[in-house]
Amino acid sequence: QVQLVESGGGLVQAGGSLRLSCAASGNINRMNVMTWYRQAPGKQRDLVATLPTGGGTIYSDSVKGRFTVSRDNVKSTVYLQMNSLKPEDTAVYYCNYRSGLQSFWGQGTQVTVSS
């Protein structure tokens, strides 16, 4: 089992910044993929950014150039730096850990961007 705890969400004005964190604990496989997703009310959960252990970041087109994903493998933590936030970025942001057939989710953190 792997436990994920997200933090850093909140209310911010358009154009502002937030930094989300996702701390993993438990039986962590050294080779894994950490991914940020988000889900707005009434919409499906969409990929925001993914970062495998060995690198090779992928971003959704909607956040390219504004969001940066990074990880600290010593702390087993993945971060999402969100700049130039827009109202359409409002959603619950979830962290996902995947290794082989295993997949675990965090509880989510709310990000609200006011116009």
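The values are calculated or read from the model by the stated rules, or taken from the named source; none is laboratory data. The structure presented is a predicted model; accordingly, all values stated were derived computationally and were not measured. Here Cβ is always computed from backbone atoms with ideal geometry, including for glycine, and neighbour counts include all displayed protein chains. When the accessible area is computed, the model is the full protein with side chains, heavy atoms only, and any ligands, DNA or RNA have been set aside. Shrake-Rupley method; radii C 1.70, N 1.55, O 1.52, S 1.80 Å.
Consider R19 carefully, then state whether it is open to solvent by 30 Å² or more (accessible area, probe 1.4 Å), basic (K, R), over 14 Å from V74 (Cα atoms) and in contact (Cβ under 8 Å) with a residue 12 or more places away in the chain. Yes: the conditions hold for R19.
A quick yes/no check of all residues on (1) without any contact (Cβ under 8 Å) to a residue 40 or more places away in the chain; (2) more than 10 Å from C22 (Cα to Cα); (3) over 15 Å from the mean Cα position of the chain (by Cα):
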position	(1), (2), (3)
S70	yes, yes, no
Y79	no, no, no
T90	no, yes, no
F104	no, yes, no
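The sole residue among Q13, Q1, Q44 that is touching a strand residue (DSSP E or B) at 6+ places or on another chain (Cβ under 6 Å) and under 17 Å from D89 (Cα atoms) is Q13.
Within the stretch 52-59, identify whether any single residue is in contact (Cβ under 8 Å) with a residue 60 or more places away in the chain and of a type in the set (F, W, Y), and answer yes or no. No: zero hits.
If you go through the stretch 29-38 and keep only what is touching a residue at least 60 places away in the same chain (Cβ under 8 Å) and either hydroxyl-bearing (S, T, Y) or open to solvent by less than 60 Å² (accessible area, probe 1.4 Å) (or both), you end up with N32, V33, M34, T35, W36, R38. Among the residues making up the stretch 48-59, those that are in contact with a Ser or Thr (Cβ under 7 Å, 6 or more places away or on another chain) and either under 18 Å from S7 (Cα atoms) or crowded, with 17+ Cβ neighbours inside 10 Å (or both) are V48, A49, T50, L51. Consider the stretch 1-16 and keep the residues that are open to solvent by 60 Å² or more (accessible area, probe 1.4 Å), at pLDDT 95 or above and farther than 16 Å from T35 by Cα. The one that is farthest from the chain's Cα centre (by Cα) is Q13. Restricting the stretch 63-100 to residues that are at pLDDT below 95 and not in a strand (DSSP E or B), which is nearest to T53 (Cα to Cα)? Among those that are at pLDDT below 95 and not in a strand (DSSP E or B), it is N73.
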